[in-house]
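*Asks:* There's a structure below that I have some questions on.
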Amino acid sequence: MTEERTPLDVLAIAAHPDDAEISAGGTIARLVEGGYRVGVLDLTRGEMGTRGTREDRQAEAEAASKVLGLRLRRNLGLPDGRVEATVEARERLAAILRLHTPRVVLAHHTDDPHPDHCAAGVLAQEAWYLSGLRRLAEQDGGPPAHRPARLYRFLSHTAFAPSLVVDVTRVFDRKLEAIRAYATQLEAQDPGDTGKHFLFGADLEQRVITKNRYHGESIGVEYGEPLLAEGPVSADCPLVAMLAAAPPGTSRDE
Ligand SMILES: [Zn+2]
């Protein structure tokens, strides 16, 4: 794992490779198009997944990172299916926040059927707080304390009333392309795989389209991704400012 000190504007913290793409891939693509530096930290390598080996999933995550134009992709190497909000894990995560100094963190909601997603949501919240403690940073001996200005929850399974909906219509094809990079997760690799182990149906892409269409409709656009903040969002929130500077119609290609 690289300790390279890549500064970031936004860091998405996800339990498994592909969670960040599924839940926030459009928001990430839009920020990257606007010239912002976005990274993804996966907490596990997804090795308990029914489909695909650890190596497959690493290659897929690398391909998806390229599609999205990520500055950084890291993996904390926690055990898949057994993610726990331990003191060790949250302090490692806090050290990563101090190292890459994101202004905004995107993370799982703590209400989710998958225990790894809940634990990842708790870990992100705890690390977000701890990353701002000067004494802890000094004890660690690494970079100084840095607490990102805001933490937003992204949508996995359990619905919530969003604080923001990000218009991802323009970048929606790129989001789907990033999700399709996880080929082992989309198609059965062996005849015994009926797809029945999926909690809400095997057609992942269709579920993403449905959810993003629903949230897009709520703000009058084709596709939207919901985000949830704790408490009211300041008009000066860095994420709001970044999205305002990267409106849905801009592209670095134009
Ligand atoms: Zn997941």
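All of the numbers you see were taken from the coordinates with simple rules; none came from a lab. Being a predicted model, the structure only gives us computed values, none of them experimental. Here the Cβ positions follow ideal geometry from the backbone for every residue, glycine too, while neighbour counts run over all protein chains shown.
*Asks:* If you average the C-alpha positions of region 135-173 and of region 1-77 separately, how far apart do those two centres end up, in angstrom?
*Replies:* Their Cα centres are 13 Å away from one another.
*Asks:* Counting Lys and Arg as +1 and Asp and Glu as -1, each charge on the Cβ, what is the dipole of region 10-245 about the Cα centre in debye, to the nearest 20? Before the final figure, lay out the partial values.
*Replies:* Details: 28 positive and 33 negative charges, 156 e Å.
Charge dipole, region 10-245, about its Cα centre: 760 debye, nearest 20.
*Asks:* Ok, one more. For residue 76, which sequence-distant residues (separation of 5 or more, or a different chain) have an amide H within less than 5 Å of its own amide H, given hydrogens modelled in the peptide plane?
*Replies:* Here 42, 43, 44 satisfy the definition.
*Asks:* Compute, for region 23-131, the length of the dipole vector about the Cα centre, with Cβ point charges of +1 (Lys, Arg) and -1 (Asp, Glu) only. Units Debye, rounded to 20.
*Replies:* 500
*Asks:* Just in region 1-50: which GluC sites (Glu not before Pro) are loop by DSSP and have at most 10 other Cβ atoms within 10 Å?
*Replies:* Those satisfying the criteria are 3, 4.
*Asks:* If you take every DSSP beta bridge whose two residues both sit in the chain, what share of them, in percent to the nearest 5, is antiparallel?
*Replies:* Values: 7 of 26 bridges.
Counting only bridges with both partners in the chain, antiparallel ones make up about 25 percent.
*Asks:* Sequence-distant or interchain residues sharing an amide H contact under 5 Å with residue 223, placed H: which?
*Replies:* It is 168, 169, by chain and number.
*Asks:* Among 113, 70, 185, which residue has its Cα furthest toward the positive end of the charge dipole of region 10-245, with +1 on Lys/Arg Cβ and -1 on Asp/Glu Cβ?
*Replies:* 70
*Asks:* Now for a separate question. At 222 nm, what helix-only mean residue ellipticity would the chain give, in deg cm²/dmol to the nearest 500, using -39500 (n - 2.57) for each DSSP H run of four or more?
*Replies:* -12500 deg cm²/dmol
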